[in-house]
Amino acid sequence: MLSNLEKVQTTQLLKSLLQNTSEICAAVVTTLDGHLCAKEQRDEYALERLATMGSTLMSLGDTITAELKMGACRNIISENEGGIVAFMHINQDLVLVTLTQQLNALGMLLAHSRRCAAEIAKLLHNT
Amino acid sequence: MKEIKLVFTGSMGAGKTTAISALSEIPVINTDVRATDEAALRKERTTVAMDYGEMTLSDGQKLRLYGTPGQERFSYMWKILMEGALGLIILVDNAGEHPLQDLDLYLTHFRQYIDSTSAVIGVTRMDMAEQPGLDEYYDYLAQKELQLPIFSVDVRDRDNVVMMLEALVAMLEFAY
Ligand SMILES: Nc1nc2c(ncn2[C@@H]2O[C@H](COP(=O)(O)OP(=O)(O)O)[C@@H](O)[C@H]2O)c(=O)[nH]1
Ligand SMILES: [Mg+2]
């Protein structure tokens, strides 16, 4: 899906996302059909599986919003006892999954992840 | 029985999504996305969450039909979708490279459900590849000490699939 160069550049963007926002503890870019393209994390999460599950959840989100005629699905938020996970489209084929363990960091997680997704979309659009 | 939940599983491209679209009386829920890997060579789109449809048999029995993604990386969905299911349909693409090995993957993963609920095997695309024949499938099951009905089906043909489902539902009614 992505060339090696694109993978390296995408990983760089995930790296800066984690460097600039200490609350975000992992970020994954996955294809919509569930293949991991790039990842970055502070802890040891099973990111391959998270990537595939991210594709499942994103497609369900798209299916639900289409059913309700609410336009495109921007993001899916999963708020949990131990943290928050956000899933969002980068473009038609790619999904960004990010997570934080801080329960009060939802706005920050969404804002920074959205910016990162836009940067990745721009990068891939230009290469 | 009030409503029966059935699950279609099996190899990618075997026809799970096509079968549910052919059968359903309601607009199907479909989660196919563009395939980005080697699968794209065979099929443009692939299921990443589930298919869902509903139908009524001629005797009034209502069926809820779920389809799983085929690829093993989505096996967490297999477990989720089997929750509460009374019957399992394993579809195998006979035109795939190793149909019996494909079947083996699902027999292994779903063994617990096969033993506790009812299951049938539907071999699809036999018009594209005649071999292995159904007798080879029966031999293969015998090796695994399994006795399941095997059908050759063209899932594009509604009546064909209905016949297989009626057999499965009859097994269920017999078992309960
Ligand atoms: N020639 C032929 N094609 C079939 C038969 N059964 C299914 N197909 C085709 O095989 C493909 C199956 O794709 P799909 O339903 O997406 O498979 P899934 O991955 O199991 O959901 C479709 O293009 C069907 O039209 C069959 O018996 N003969
Ligand atoms: Mg499918």
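What the table below lists for this structure:
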| quantity | calculated |
| --- | --- |
| Residue B:138 being of a type in the set (Ser, Thr, Tyr), surrounded by fewer than 17 Cβ atoms within 10 Å (Cβ to Cβ), away from ligand 1 (no atom under 16 Å from the Cβ) and more than 30 Å from residue A:61 (Cβ to Cβ) | yes |
| Single match in B:36, B:17 (criterion: assigned to a helix (DSSP H, G or I) and either more than 14 Å from ligand 2 (Cβ to nearest atom) or away from chain A (no Cβ under 11 Å) (or both)) | B:17 |
| Residue B:54 part of a loop (DSSP other than H, G, I, E, B), surrounded by fewer than 22 Cβ atoms within 10 Å (Cβ to Cβ) and away from ligand 2 (no atom under 16 Å from the Cβ) | no |
| Test for residue B:129: is it more than 16 Å from residue B:9 (Cα to Cα) and either of a type in the set (D, E, K, R) or touching a residue at least 40 places away in the same chain (Cβ under 8 Å) (or both) | no |
| Among (1) farther than 27 Å from residue A:94 by Cβ; (2) touching an Asp or Glu at 6+ places or on another chain (Cβ under 9 Å), the one test that residue B:35 misses | (1) |
| Exclusive hit being charged (D, E, K, R) and touching a helix residue (DSSP H, G or I) at 6+ places or on another chain (Cβ under 9 Å), set B:104, B:135 | B:104 |
| Residues of segment B:141-176 classified as hydroxyl-bearing (Ser, Thr, Tyr), surrounded by 13 or more Cβ atoms within 10 Å (Cβ to Cβ) and more than 16 Å from residue B:14 (Cβ to Cβ), total | 0 |
| Residue in segment B:39-49 that is nearest to residue A:94 (Cα to Cα), counting only those that are more than 8 Å from chain A (Cβ to nearest Cβ) and in contact (Cβ under 8 Å) with a residue 24 or more places away in the chain | B:47 |
| Enumerated strands (runs of 3 or more DSSP E) restricted to segment A:1-106, each holding at least 2 residues that are within 14 Å of chain B (Cβ to nearest Cβ) | A:24-31, A:36-41, A:83-89, A:94-100 |
| Hits in segment B:24-44 - residues which are buried (at least 16 other Cβ atoms within 10 Å of the Cβ), of a type outside the set (Asp, Glu) and within 12 Å of ligand 1 (Cβ to nearest atom) | B:28, B:30, B:31, B:33, B:35, B:39 |
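Every number here is computed from the coordinates shown, using simple stated rules; none is lab data. In this text the structure is predicted, and so the values were computed from the model without any measurement. Don't worry about glycine lacking a Cβ; one is built from the backbone with ideal geometry, like all the others, and counts go over all protein chains shown.
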